[in-house]
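Read-outs: derived from the displayed coordinates by stated rules, not from any lab. Fair warning: this is a prediction, and the values are worked out from it, not measured in the lab. Cβ atoms come from the backbone with ideal geometry, glycine included; neighbour counts cover every protein chain shown.
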Number of protein chains: 2
Amino acid sequence: MTDRYAADALIAYTEALFAAAGLDADKAAVVAPVMVEADLMGHTTHGLQLAPPYLAALADGSMKGTGQPAILTDRGPVVSWDGRRLSGVWLTATAVDLAVERARLYGTGTVSIRRSHHIACLAAFLQRATRHGMMVTLTCSDPSTASVAPFGGTRAVYTPDPIAVGIPTGGDPILVDISASITTNGLTGRLHKEGRKLDHQWVIDAEGNPSTDPAVLFTDPPGTILPVGGVDHGHKGYGLALIVEALTQGLAGHGRADPAEGWGAGVLVQVYDPTAFAGVDAFTRQTDWLADACRTNPPAPGVETVRLPGDGALARKRAALKDGVALYPGIVDGLKAWADKLGVTPPSAL
Amino acid sequence: MTDRYAADALIAYTEALFAAAGLDADKAAVVAPVMVEADLMGHTTHGLQLAPPYLAALADGSMKGTGQPAILTDRGPVVSWDGRRLSGVWLTATAVDLAVERARLYGTGTVSIRRSHHIACLAAFLQRATRHGMMVTLTCSDPSTASVAPFGGTRAVYTPDPIAVGIPTGGDPILVDISASITTNGLTGRLHKEGRKLDHQWVIDAEGNPSTDPAVLFTDPPGTILPVGGVDHGHKGYGLALIVEALTQGLAGHGRADPAEGWGAGVLVQVYDPTAFAGVDAFTRQTDWLADACRTNPPAPGVETVRLPGDGALARKRAALKDGVALYPGIVDGLKAWADKLGVTPPSAL
């Protein structure tokens, strides 16, 4: 049976690793719980699996561990930062908290970040806003890399371009975390490494032929991941990606038009305070109705029950907090190598 | 050959029809060019095809033709209206103009509208913002009706839930107009009427079986339109729809949780002024790069050239302004019946 770890112990371990690697102590204290949160939610490609490459980035200086973002503009409801390649998880968590403050003052709060390092799991930031009764939209793109072609094309132009949205209800929040491409770099990379295939034709080879084999992404020239909608109606995912690119690189004023700076992100955080619109009760009355209409929906053949986005993740989180976290194969060993190097003691399994 | 009409003559005709039907003159002057704009762009299900039902709604009082929206809140960057079931096209055009003003002052401008009448073609509003160098997001849903089930379910909970986004570039704007469902009520209705099938399995019957036949939407109980991603990865379109429902009905504080009031919309308009972020030049430098990388992308087999959303619509618009507009079959006759009734003289064909 796979070893399980207490969430608190993993957070303390992660915090110690990042602090030992040169991340400011206050930043390590913010980053560690967000990274473990992803594993608690079951987003295993975007939690502690990313700690080793982040620690390596701190070591080689491509992620900055100290200092503050440069403030490009501050108009009250809108704040624009140059992230100076600081930890993306820290920048994003700080930006969500700031956007919540600004939304409380102005009704909406928008924080744009250029030149962030990679921001890990978008879903893991959402409850920082929803627990205050606020709706939050978080989106990012990585201008230094590309794996998705525009619909009808064959050369990668942009990234999977995720959008995550936290929607308060009277009960658990709805936590949407989707991307503008059918699948992600993380998943296709993992399946390719494991010699496995995709469930459907979610990628095309370099000539544009649909395929289930992630290996087509690793040829020269490489194939590409299809936009949401696939060969059938992929213009929709293509449109969504263009929106994300404009929100995250256009507003940030930095992106693919500039020289690549390595693994990173342009980020946009938007927070909406329902009290500035029609009120919190009026908001949750609608979202409660919606949540109930979805959960009680008669399921299609082969479907056990209709769920809301976030239901599975929050159930996994509750179970993991109670019974401990079983990390995806390889993660424990990856962390151990860094613990040895940095002189940090790993936690014991439960 | 199909008759063609001068755009100006169609606008004057539409304005005269709406004014004669009881829409305030200043409102008719706003509504007419937006409705014709949809036909110029080739969005033939959402332009003048909607004029007869709108005129009927004015006649039976379900669309209000006179007065102003009630201001629920005005926080500067955020304005929240009760649309009082006024013309949705007028409300939305006015809201976009107001959001542009507010964005100029505050960096972003957000206008929420509850209880609007139907708002027609979202793409037709976007250049009201992009021509000022601003990015705009427009989304809506109709709480009085439902045709899409949550992914895995079989009973309709929400509408196709469109999102339209205008993105300024140094040249033509990128005009994205997508929905969270694969296809729309307008298109499935038209194909059903014409006895035609869908290109792919874009709908499911009431038991949840995928189908290409729009007739499954007209059984009792009815089938539903699949979310974007279809049977394969429809959880993405489902997530997108939940975002739209929360933005348009949650923030508006009015929607499906309330008694249905007939054909209408909850609307959210968001405008972003790049000058409050990293500047207009920095914005368009990124979007110009993006547009170029898409347009010059080597096409997949069977694709002539990769286009940007809006390229086709703007080309159709230029051609229609030069050579006249050929209205979709049935539209001319539909308008003629109202012209006779209201004593308005139709324009001559070119």
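What to note about this one:
- Calculated on the Cα set of chain A, radius of gyration then Dmax: 20.1, 55 Å.
- Positive end of the dipole of the range B:183-225 (Cβ unit charges, origin at the Cα centre): among B:224, B:208, B:186, the Cα lying farthest that way belongs to B:186.
- In plain terms, the residue of A:140, B:121 with the fewest other Cβ atoms within 10 Å comes first and the most crowded comes last, giving B:121, A:140.
- In summary, no helical segment of chain B meets the span-like criteria, namely a full DSSP H run, a Cα extent along the axis of 27 angstrom or more and a mean Kyte-Doolittle hydropathy of at least 1.0.
- Zone of residue A:104's modelled label, taken as backbone nitrogen in the range A:120-143 under 15 Å from a point 7 Å along Cα→Cβ: A:128-135
- Relative contact order [Cα under 8 Å, 6+ residues apart], chain B, whole percent: 23 percent
- Residue A:8-residue B:187 pseudo-label distance in nm [points 7 Å out on the Cα-to-Cβ vector]: 5.4 nm
- The Cα center of the range A:129-183 and the Cα center of the range B:172-214 differ in position by 24 Å.
- Legend: residue pairs B:193/B:336; B:197/B:341; A:64/A:193; A:64/A:336; A:197/A:322, Cα-Cα distance threshold 27 Å; pairs beyond threshold, B:197/B:341; A:64/A:193; A:197/A:322.
- The calculated FRET efficiency for the pair residue B:196 and residue A:315, based on their C-beta separation and a Förster distance of 45 Å, comes to about 0.55.
- Stokes-Einstein translational diffusion, the range B:183-225 - Kirkwood Rh over all Cα pairs, 1.002 mPa s, 20 °C, in µm²/s: 217 µm²/s
- From the alpha carbon centroid of the range A:42-78 to that of the range B:1-63 is 52 Å.
- Summing charges over neighbours of residue A:100, with a neighbour being any other residue whose Cβ is under 12 Å away from its Cβ, gives +1 when K and R count +1 and D and E count -1.
- Bridging of residue B:236 to lysines at a Cα separation below 18 Å is possible for A:236, once same-chain residues fewer than 8 apart are set aside.
- The local environment of residue A:252, defined by Cβ-Cβ distances under 9 Å, has a net charge of +1 under the rule Lys, Arg +1 and Asp, Glu -1.
- Expressed to the nearest 5 percent, the antiparallel share of DSSP beta bridges inside chain B is 85 percent.
- Both numbers refer to the Cα atoms of the range B:150-287; Rg and Dmax are 18.0, 55 Å.
- Neighbourhood charge, 11 Å Cβ-Cβ cut-off, centred on residue B:30 and excluding it, Lys, Arg +1 and Asp, Glu -1: -2
- Angstrom value of the Kirkwood radius, inverse mean 1/r, which spans all Cα pairs in the protein assembly as shown: 25.9 Å
- Sites counted here are GluC sites (Glu not before Pro) in a DSSP loop (not H, G, I, E or B) having no more than 15 other Cβ atoms within 10 Å; the longest part of chain B that contains none of them is B:1-193.
- Cα-centre dipole for the protein assembly as shown with unit charges at Cβ (Lys and Arg positive, Asp and Glu negative), debye to 20: 560 debye
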